[in-house]
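To start, the structure under review is shown below, and the notes come after it.
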Amino acid sequence: MKNEFMEITISTQGFSDMHDLSSHIREFLSRINAKSGLLTVIVPGSTAGITTIEFEPGLRRDFPELMEKLIPRQRYHHDSTWGDGNGFSHLRASLLGPSLSVPVKNGTPVLGTWQQVVLVDFDNRPRARRVVFHYMGE
């Protein structure tokens with residue numbers, strides 16, 4: 001039974017900046033010679049999230065527009081507490097969630113043809129985001 005970790009850092013711009021993690025996932029699974037198991041991807045922190053999407057230009061524009069409609073950039077109670085103006089970032093990240101688990105079969109993540117695992121940074125400034133990959137299985 002394998003129990004493997006890999007951590008990477010991705011420079012982000014905030015404001016729903018989206019990054020495709022596919023190449024990092026393939027590299028990790030190949031490096032550890034994964035067969036069948038479960039891959040978990042997590043971004044530690046409370047202003048970014050992990051999800052799946054078709055990582056294409058239209059959806060890369062649609063997604064931030066949807067977030068703006070659901071949770072607009074405006075003043076929230078959190079902003080009164082810390083004065084950092086990123087209350088919307090915390091709300092958006094909590095809606096998305098910080099992690100995702102994906103089954104792995106024959107060394108390949110079980111995803112749809114047009115489905116990629118992505119990091120979305122919602123903060124109101126650039127960040128260096130840690131992303132952790134954890135694999136358990138054969």
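Below is a table of values for the structure above.
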read-out: Any chance Gly85 is on the phi > 0 side of the Ramachandran plot and either in contact (Cβ under 8 Å) with a residue 60 or more places away in the chain or surrounded by fewer than 18 Cβ atoms within 10 Å (Cβ to Cβ) (or both); value: yes
read-out: Among residues of the range 45-62, those that are outside any loop (DSSP other than H, G, I, E, B), more than 15 Å from Val132 (Cα to Cα), out of contact with any helix residue (DSSP H, G or I) (no Cβ under 6 Å at 6 or more places or on another chain) and touching a residue at least 24 places away in the same chain (Cβ under 8 Å), counted; value: 2
read-out: Residue among Leu111, Leu100, Leu29, Leu39 that alone is surrounded by fewer than 18 Cβ atoms within 10 Å (Cβ to Cβ), touching a strand residue (DSSP E or B) at 6+ places or on another chain (Cβ under 7 Å) and not small (Gly, Ala, Ser); value: Leu111
read-out: Any hit, the range 60-72, residues being of a type in the set (A, V, I, L, M, F, W, C), surrounded by 14 or more Cβ atoms within 10 Å (Cβ to Cβ) and within 26 Å of Phe28 (Cβ to Cβ); value: yes
read-out: Any hit, the range 1-14, residues being of a type in the set (Lys, Arg), over 15 Å from the mean Cα position of the chain (by Cα) and either assigned to a strand (DSSP E or B) or surrounded by 17 or more Cβ atoms within 10 Å (Cβ to Cβ) (or both); value: yes
read-out: Any hit, the range 83-99, residues being part of a strand (DSSP E or B) and either of a type in the set (Lys, Arg) or within 26 Å of Ser23 (Cα to Cα) (or both); value: yes
read-out: Candidates Val118, Val132 - the one that is surrounded by fewer than 19 Cβ atoms within 10 Å (Cβ to Cβ), on the phi < 0 side of the Ramachandran plot and either of a type in the set (Lys, Arg) or not in a loop (DSSP other than H, G, I, E, B) (or both); value: Val132
read-out: Lone qualifier among Ala34, Ala48 - being at pLDDT 95 or above, within 30 Å of Gly137 (Cβ to Cβ) and more than 15 Å from the chain's Cα centre (by Cα); value: Ala34
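The values are calculated or read from the model by the stated rules, or taken from the named source; none is laboratory data. This is a predicted model, so every value here is computed, not measured. A quick note on method: Cβ atoms are made from the backbone with ideal geometry, for glycine too, and the neighbour counts reach across all protein chains shown.
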